[in-house]
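Structure record follows, encoded as structure tokens.
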Amino acid sequence: MTAKAVRSPRKPLGLAVVLLIVVAYLAVGAGRAEAGPVGLGTATSYGVLAASAVTSTSTVLDPTVVNGDLGVSPGTSVTGFPPGIVNGAQHRADAESLQAQTDLVLAYDDAAGRTPVTSVATELGGTTLLPGNYTGATLGLTGTVTLDAKGDPDAVFVIKSNETLITAEGSSVSLIGSANPCNVYWVVGSSATFGVNSDFVGTTMAMASITATTGADFEGRLLARTGAVTLDTNTITRPVCDTLPAGSTTTAAPTTTAAPTTTAAPTTTTSSTVIPGSSTTLAPTTTAVPATTTPDETPTTVAEGSTTLAPTPSTTLPEQVTVPGSEVEGTTTMPGTDLTGGTASTSTTAGGTGTSGGSDTPGTTTVELARTGSDSGRLAGIGALTLAAGCCFVVASRRRIRSA
């Protein structure tokens, strides 16, 4: 007889391997999601956010300062500002503060539900925490707690208290190893109280209320879900962080709306001339303003004690003298000066010019002597008269000789 081979049953190794891969992938993905920062949404811009009221006690000389937005919703009460100072926007039961409270609820639930967690003792003072999620029934801080990012600026710290968080006077939070204040979150199940002159770092999200006593300073945020935020001469400076959608670990690209640029067209005034009774419009006329040129002036230096006279332009007029009794057409007399003095003038009449003691001779121009009144003019006049008298005497003598 031939022995039959016995087949062993097949093991579903392939299915098991696939299941392991899926579980590992989900675990790794969950771990990466848990490691990211907590998305605060619109609450990112707030230094102080309360549900019922925000109250501050301070003075003008030593005011409470909030470097960031301040808001309250659904309550409306904000007191102590001024003298308190808000270097940001204030929102009271408006759409912005309501949305910020909605985002705070999502962020709180995200941080409170993160796993895995490491349990810590109530007293955090004197301890050093590495990146991760920590939880305790109640948390207190006396002295200093150190958060060490080990050189990773993206490292995230989530520290949760099921009840309260209370810090002692002068306590502090120290960041080392490139730890980033944006990535430090304190989740408080009821209320948080910060001691006098304590220095705290990170975003505090309290289910109920937050109280900051005198001189406590914060590099982070004070966000209360259902109660009030009470301040007393504090400085709260929110860190500049990426805005993440509430409950999300993915950075949302900021949306920038560029204001439209309006270019004003140059204004041109055109003057058109319309001819009355005509449908024709003349082309615009451009009148150029002539440039004014000032002639160069050469300074004149005048010696002290001397007088400089402005030059007097001289005009020479053609002068004619008509000897009395002469009737010769076109006769031009010798230049000279009238003894009586005066200004020469020319007169012309139609059909001729009347001369002294003569007849109308066409085309004759008589120029009266200019009267200058000078001695040289008088001498010239006397000479002319003497010459004329001599000529008359010679003519008379010749006539007498001829008649004899």
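Only the coordinates and a few stated rules stand behind these numbers; no lab work does. The structure presented is a predicted model; accordingly, all values stated were derived computationally and were not measured. Cβ placement follows ideal geometry from the backbone for every residue including glycine, while neighbour counts extend to all protein chains displayed.
So the values come out like this:
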{"quantity": "Residues with amide H under 5 Å from that of Gly84, placed H, sequence gap 5 or more", "calculated": "Thr64"}
{"quantity": "Under 5 Å, built H, 5+ apart or other chain: amide partners of Lys160", "calculated": "Tyr134, Thr135, Gly136, Val187"}
{"quantity": "Bins of 10 Å, starting at 0 and running to the largest distance - Cα pair percent for segment 32-237", "calculated": "10, 39, 37, 14, 1"}
{"quantity": "Ordering of 115-121, 166-172, 155-161 by packing [mean C-beta count within 10 Å, highest first]", "calculated": "155-161, 166-172, 115-121"}
{"quantity": "Relative contact order of segment 32-237, defined on C-alpha pairs under 8 angstrom at six or more residues apart (%)", "calculated": "21 percent"}
{"quantity": "Long-range amide H partners of Leu129 with built H, under 5 Å", "calculated": "Thr146, Leu147, Asp148"}
{"quantity": "Net charge dipole size for segment 42-112 [Lys, Arg +1 and Asp, Glu -1 on Cβ; Debye, nearest 20]", "calculated": "220 debye"}
